[in-house]
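Each remark here refers to the structure printed beneath this line.
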Amino acid sequence: MMCRVIFLLLVASSLIGAAAATQAAAAPPAAQTCQGSEPIPQPLPLMEAVSLALCHNPDTRVAWAQALAQEAAVGVSRAGYYPTVTLSDQSTDQWSATQGTTNSVFATSSTTSLNAPANVGTLSLQYLIYDFGGRATSLASAKHDALASAFTFNNTVQQTVLTTVQSYYSAQSADAAVEAARQTLKFNRATQEVADVKHKVGLVPVSDKLQADTSVAQTELNNESLRQQAALSHGSLMRAMGLPPETEVALPKEVTTFFTDGVTEDAIDRLVREALKNRPDLKAAKESESSAQAKLEHARTLDYPSVSLSASQDRANTWRQFRSQQEDSTLILSVSIPIFTGFSNQYQRVEAQRNLEAQIAAREQLEHNIALDVWGNYQNYQTARTNIGLTRKLVKSARKSHQVAFGRYKAGVGTILDVLNTESQLAGALQQEVAARYNLHTQRANLAHSMGLLYLSPPTPALSQP
């Protein structure tokens, strides 16, 4: 019996050592840290802004840490397949003394007892041999949760990319709006100079000069508001990139295409199927549903018996006048059958069933929302494409109208109201053209995000490669 216990303990020790080595080899490396000392390129390209956002935005680091934590939970569930070995040691050295008085003879008596020093060491092993699938379902649930966390990380990456792209185009649009407003101010001041000259020579009343002055002042006020909006847009871009909002950065004036048309030219039903295949949040929802299914299967095994093996070896050493040693070895094969648990197992099965139903409903709801999201972004993108041509025609027409009105006023056959009206129309057309130009690229990125194409998730994401 003693040899068999020792053999079991040695086997358990080797299994645990091998398991620890396997876990250490399979553990994912820590997420690579980003270099924060490199200067930001000026002007800042769009792809560089996206890279900085993925590197510095805390949202991605939070999601990555959560994914690693969930992967560690898989190791916790896998530990149920290995035996548990514990070693305990206890040393005792006790003595006691009593002293009292006997009333009958007024005599005193005392008693002193001394226990021999002892040392007891126990080495024990516990191993669950069979539990009708309880460990397997727990491990399967943990694996599905880990995959769900990995896909959630991918979804966070996609959202970070989208936010950065939107903020980048918004900042570019704000800069372009400021530039368009400067052109409007240039036209207003040209009109102001003509009105001032014509008033001095008595060709127009003072009201023409005052109206031109008012138009210039109003344009300057609008320009200040646009500059403030541009500053706020730059701050939002810095926030998306995980940098302080006061960071100074220059953006290129030309529009950078982040996502080409490509698949966005396809029919809407195919776009929806592409989204349902690629969206990482839907993949995460499916993994959560599979995890809930595994938890339900685990709850169904709670009423089944389990077979366990336990082995222990006790060694006791005592010292007084001489040393004595006693050894005991125990090997127990036990079967545990749950008879009554206060209806706990039944309620756990009901809870698992309801959680599974909730996960199924959440997944179906997400599928409907994805289809609606793709449909809405597809319509917005098509509208943005149409608006590009319309706003360019509008700018061309407004520019010609202003040139005609301004020429007529200089020639003395037009009114100041005609000139100011055409200037206002031209200013509005320029702003609409700027908004339409950058809105096209923003809507294209929104459509790509709704289809899950900003950051493609692998079928089985590897946590060691974020």
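Checking A30, A53, A19, A73 one by one, the residue that is surrounded by 11 or more Cβ atoms within 10 Å (Cβ to Cβ) and at pLDDT below 55 is A19 and no other.
Evaluate the following for D281: is it in contact (Cβ under 8 Å) with a residue 60 or more places away in the chain and either exposed (fewer than 13 other Cβ atoms within 10 Å of the Cβ) or touching a helix residue (DSSP H, G or I) at 6+ places or on another chain (Cβ under 6 Å) (or both)? So D281 passes the test.
Of all the criteria given as (1) modelled with pLDDT of 90 or more; (2) buried (at least 19 other Cβ atoms within 10 Å of the Cβ), the one not satisfied by A217 is (2).
Against the condition surrounded by 15 or more Cβ atoms within 10 Å (Cβ to Cβ) and not hydroxyl-bearing (S, T, Y), how does V204 come out, does it pass? Spelling it out, V204 is indeed surrounded by 15 or more Cβ atoms within 10 Å (Cβ to Cβ) and not hydroxyl-bearing (S, T, Y). One residue stands out in region 197-227 among those that are of a type in the set (V, I, T) and not in a helix (DSSP H, G or I): the one that is farthest from S173 (Cα to Cα), namely V201.
In region 328-347, the residues that are more than 17 Å from G134 (Cβ to Cβ) form Cβ pairs under 7 Å with partners that are surrounded by 12 or more Cβ atoms within 10 Å (Cβ to Cβ) and at pLDDT 90 or above, at six or more places apart or across chains, as follows: T330/A311; L331/A311; I332/S310; L333/L309.
A residue that is of a type in the set (A, V, I, L, M), surrounded by fewer than 16 Cβ atoms within 10 Å (Cβ to Cβ) and over 46 Å from the mean Cα position of the chain (by Cα) occurs nowhere in region 372-384. Within region 309-323, is even one residue surrounded by fewer than 15 Cβ atoms within 10 Å (Cβ to Cβ) and of a type in the set (V, I, T)? No: region 309-323 contains no residue that is surrounded by fewer than 15 Cβ atoms within 10 Å (Cβ to Cβ) and of a type in the set (V, I, T).
Here region 164-193 is the region considered, the condition is being in contact with a Lys or Arg (Cβ under 9 Å, 6 or more places away or on another chain) and either modelled with pLDDT under 90 or closer than 17 Å to L52 by Cβ (or both), and the residue that is surrounded by the most Cβ atoms within 10 Å (Cβ to Cβ) is Q172.
Surrounded by fewer than 19 Cβ atoms within 10 Å (Cβ to Cβ), outside any helix (DSSP H, G or I) and of a type in the set (A, V, I, L, M, F, W, C): is that true of A231 in this structure? Can you show your working first?
Details: surrounded by fewer than 19 Cβ atoms within 10 Å (Cβ to Cβ): yes; outside any helix (DSSP H, G or I): no; of a type in the set (A, V, I, L, M, F, W, C): yes.
Here the answer is no, as A231 does not meet what is asked.
Before we move on, is V404 without any contact (Cβ under 8 Å) to a residue 40 or more places away in the chain, part of a helix (DSSP H, G or I) and among the aliphatic types (A, V, I, L, M)? For V404, the condition - without any contact (Cβ under 8 Å) to a residue 40 or more places away in the chain, part of a helix (DSSP H, G or I) and among the aliphatic types (A, V, I, L, M) - is met.
Where the second residue is of a type in the set (S, T, N, Q) and not in a strand (DSSP E or B) and the first is under 30 Å from T137 (Cβ atoms) and without any contact (Cβ under 8 Å) to a residue 60 or more places away in the chain and lies in region 301-320, which pairs have Cβ atoms under 6 Å and are six or more apart or on separate chains? The qualifying pairs are D303/N345.
Conditions (1) surrounded by fewer than 16 Cβ atoms within 10 Å (Cβ to Cβ); (2) touching a strand residue (DSSP E or B) at 6+ places or on another chain (Cβ under 6 Å); (3) in a strand (DSSP E or B); (4) of a type in the set (G, A, S), marked per residue:
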residue: A275; (1), (2), (3), (4): no, no, no, yes
residue: E287; (1), (2), (3), (4): no, no, no, no
residue: S290; (1), (2), (3), (4): no, no, no, yes
residue: K295; (1), (2), (3), (4): no, no, no, no
residue: V307; (1), (2), (3), (4): yes, yes, yes, no
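Scoring R363 on the criteria (1) at pLDDT below 95; (2) in a helix (DSSP H, G or I); (3) surrounded by fewer than 20 Cβ atoms within 10 Å (Cβ to Cβ) leaves a single failure, condition (1). Condition test on L125, is it among the hydrophobic types (A, V, I, L, M, F, W, C) and closer than 23 Å to Q66 by Cα? In short, no.
The values are calculated or read from the model by the stated rules, or taken from the named source; none is laboratory data. Quick caveat: nothing in here was measured; it's all calculated off a predicted structure. Counting neighbours? That spans all protein chains shown, and the Cβs are built from the backbone with ideal geometry, glycine included.
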